[in-house]
């Protein structure tokens, strides 16, 4: 493999991995925390992308502010969904949870189609994100660098939030043992709602940042659902670094195969996933349930 | 006296031999004939309903009875469809041979994939079933010379059924072929579910640990159920391929797996008749709504799914059960007066 190919694979693979990580980290947290399989998680990324594409035009605000508004709106919608619908399903079995979230995904797909049309929509980026950066040996689109920086920032901020803040301590307590956490006075209901909203906001961020690689269309949520679930399963529920390294592993495997044997890229992706799950059923960093 | 609810509801095997009670099969046959008489211009749709009902029965067995959470049932369905297509292309045009080989194909995929997957549970299992189906999809997409890739496997001829009835554009043969297969499969699966084999499967769903402690072989039993489910799904795929004369990638798609789960949940997962009812309801709504706009259809099915899960956890068949119980109560009251 030549050096140029290797660097292309690395740059594209890491960018793709960071997008996957940003979208899936919230899903992984909610699965670890509430034991709920949220198949509608991709819909939050999709809503984020579509809102980010339309808010700056329709409201006439700067693009950056539009992005922030889009992410906040997605978090609000997620909060409403969690409070009105999802909480009824915390005590139901896995299948019912999956189905109610699949139902939500269908509804979101129909709603997006109604509001934004059925064609592929591109998210206009601020001008500062365009162009390319010359690293001496080769030039890289600046957008890629910003996506990678975004992903790394999310990892660091989340790590500090989970490991250092009192909110993080409560979240970890609720993940470890929800009944005991409740017994010592932690309001797990609020923790659940807040984590769910934060996860949805991160998915929206990932959806916006990744719109160049995973284009926005109404079928986005179902199209990438399987990939997102794969990252979570490989990483292990409720584990920040698990999601990060699973995204890196799967992202680089798929991207490198896309450069070498494009027809088998997805097959390699799923084969990697099957092998990891057979060797470590709880995921790379998962603990025994 | 009916106020006392037993702590754990276990179906008691009927005292009479199960194969002497054909009520469900007779109702199914009559409904099929009635549909044929009422909607002769929609035979294509009715044929699809019959084949998809068989597919739903396979999932009802695997998921509803044994509790194997799967979102990859399309792998077994698609395998049956492609095997039936290959049989017609390279081996023989006889429909029955193609059907049986399709069933074997689905069963073989189920046996092989189940052998590695069924040691895991819950989310890991769901993810593995999805991954296996996606892997098959990608391989089928890649092996264009074998599967026709995106265009699907077409151009095969199906010989007349039993050498007598031709599969013509009218679709009469196709419909009665599919309906006959549905009634037969329903009969076989129902007897399997009522047998000790099916009882053990339900026991595993309720408490695998206890079955293990009682000396049951949980893994082997689940593998057997999954393989039988694979055979049934393969039969459904083969029937679809033969009646529509094409096997395509969509049959292996995640949407197909998710769709059939939605069907049995709409109808009710715990009962086999729920699978048929759910399939018919789903496909009727699809038929009506998709003439409007495919996205409106998604909205209808999505909100219906949420509604059923909140209001009717036991599915449409539960609604029928409640109506029947209500009618009985009314009848008893009338009789007492």
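Nothing in this text is a laboratory measurement; each read-out follows from the coordinates by a stated rule. Because the structure is predicted, anything quoted here is derived from the model rather than measured. Every residue, glycine among them, receives a Cβ derived from its backbone with ideal geometry; neighbour counts consider all protein chains shown.
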> What is the distance in Å between the Cα centres of the stretch A:195-218 and the stretch B:16-72?
Replying inline: 41 Å
>> Compute the helix-to-body angle for B:95-117: its Cα long axis versus the longest principal axis of chain B, expressed 0 to 90° and rounded to tens.
In response: 70 degrees
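Please work out the FRET efficiency for the pair residue B:187 and residue B:36, using the Cβ-Cβ distance as r and a Förster radius of 25 Å; give the result to the nearest 0.05. Intermediate results must be reported in sequence, preceding the final value.
Values: r = 20 Å, r/R0 = 0.78.
Given R0 = 25 Å and the Cβ-Cβ separation, E is 0.80.
Let me check against my output: what whole-number percent is the relative contact order of the stretch B:23-253, with C-alpha pairs under 8 Å and at least 6 apart?
Values: 378 pairs, mean separation 98.1, N = 231.
Worked out over the stretch B:23-253, it gives 42 percent.
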> What percent of all Cα-Cα pairs in the stretch B:182-337 falls in each 5 Å bin, counting up from 0?
Replying inline: 2, 7, 11, 16, 17, 16, 13, 8, 5, 3, 1, 0, 0
>> Which of B:124, B:269, B:256 ends up with the largest GNM mean-square fluctuation for chain B, with Cα atoms connected below 10 Å?
In response: B:124
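In peptide B:175-181, how many Cβ atoms from other protein chains are near each Cβ within 10 Å, on average? Intermediate values should be presented prior to the final figure.
On the way: counts 0, 0, 0, 0, 0, 0, 0.
For this peptide, the per-residue mean of nearby foreign Cβ atoms is 0.
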>> Helix B:74-86 against the longest principal axis of chain B: what's the angle in degrees, Cα atoms only, rounded to the nearest 10?
In response: 40 degrees
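Could you give the semi-axes, largest first, of the ellipsoid that matches the stretch B:113-201, computed as the square roots of 5 times the alpha carbon gyration tensor eigenvalues and rounded to whole Å?
Numbers: eigenvalues 205, 146, 16 Å².
With the √(5λ) rule applied to the stretch B:113-201, the semi-axes are 32, 27, 9 Å.
What FRET efficiency comes out for the pair residue A:4/residue A:120, r = Cβ-Cβ distance, R0 = 45 Å, nearest 0.05? Before the final figure, lay out the partial values.
Details: r = 30 Å, r/R0 = 0.66.
Approximately 0.90, to the nearest 0.05.
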> Helix B:23-38: angle to the longest alpha-carbon principal axis of chain B, degrees 0 to 90, nearest 10?
Replying inline: 50 degrees
>> Please compute the length gained on full extension between residue B:296 and residue B:150, using 0.36 nm multiplied by the number of residues separating them and subtracting their Cα-Cα distance.
In response: 50.0 nm
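Can you order the peptides A:156-166, B:222-232, A:270-280 by their average number of other Cβ atoms within 10 Å per residue, highest first?
B:222-232, A:270-280, A:156-166
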> Got the relative contact order for the stretch B:203-324 handy, in percent, Cα pairs under 8 Å and 6 or more residues apart?
Replying inline: 18 percent
> Once every DSSP H run of n ≥ 4 in chain A is given -39500 (n - 2.57) and the sum is divided by its residues, what mean residue ellipticity at 222 nm do you get, rounded to the nearest 500 deg cm²/dmol?
Replying inline: -24000 deg cm²/dmol
> Among A:18, A:31, which comes first, second and so on when ranked by fewest other beta-carbon atoms within 10 Å?
Replying inline: A:31, A:18
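Average partner chain C-beta neighbours within 10 Å, per residue of A:210-219? Intermediate results must be reported in sequence, preceding the final value.
On the way: counts 0, 0, 0, 0, 0, 0, 0, 0, 3, 4.
Per residue, the number of nearby Cβ atoms from other chains is 1 on average.
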> By what distance, in whole Å, do the Cα atoms of chain A stretch along each of the three principal axes, largest value first?
Replying inline: 58, 49, 35
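Mind giving me the FRET efficiency for residue B:93 and residue A:160? R0 is 60 Å, r the Cβ-Cβ distance, nearest 0.05 is fine.
On the way: r = 68 Å, r/R0 = 1.13.
Plugging the Cβ-Cβ distance into 1/(1 + (r/R0)^6) gives 0.35.
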>> Rounded, prolate or oblate for the stretch B:23-253? Axes are the square roots of the Cα gyration tensor eigenvalues, ordered a ≥ b ≥ c, and the cut-off for rounded is a/c under 1.5.
In response: oblate
> Label residue B:284 and residue B:119 with points 7 Å out from Cα along Cα→Cβ: what is the distance between them in nm?
Replying inline: 4.6 nm
> Counting alpha carbon pairs within less than 8 Å and at least 6 residues apart, what relative contact order, in whole percent, applies to chain A?
Replying inline: 36 percent
>> Could you order the peptides B:295-307, A:100-112, A:201-213 from most to least packed, using the average number of other C-beta atoms within 10 Å per residue?
In response: A:201-213, A:100-112, B:295-307
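Just check the protein assembly as shown against the gyration tensor rule for me: Cα atoms, a ≥ b ≥ c as the square roots of the eigenvalues, rounded for a/c under 1.5, and otherwise prolate or oblate depending on whether a/b exceeds b/c.
Details: a/c = 1.79, a/b = 1.41, b/c = 1.27.
Prolate.
Taking square-rooted eigenvalues a ≥ b ≥ c of the alpha carbon gyration tensor, is the stretch A:78-212 rounded, prolate or oblate, where a/c under 1.5 means rounded and, failing that, a/b exceeding b/c means prolate?
On the way: a/c = 3.29, a/b = 1.40, b/c = 2.34.
Oblate shape, in that a/c is at least 1.5 and b/c is the bigger or equal ratio.
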>> Starting from the 7 Å offset along Cα-to-Cβ, what nm value, one decimal, do you get for the label separation of residue B:330 and residue A:152?
In response: 7.2 nm
>> Run the simple label-point estimate for residue B:210 and residue B:164 please: 7 Å along Cα→C-beta, distance reported in nm.
In response: 5.0 nm
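Take each of the peptides B:125-133, A:229-237, A:247-255, B:50-58, average the number of other beta-carbon atoms within 10 Å over its residues, and list them starting from the highest. Don't skip to the end; give the middle numbers.
Details: B:125-133: 25.8, A:229-237: 27.9, A:247-255: 22.2, B:50-58: 29.8.
Ranking, from highest mean packing down: B:50-58, A:229-237, B:125-133, A:247-255.
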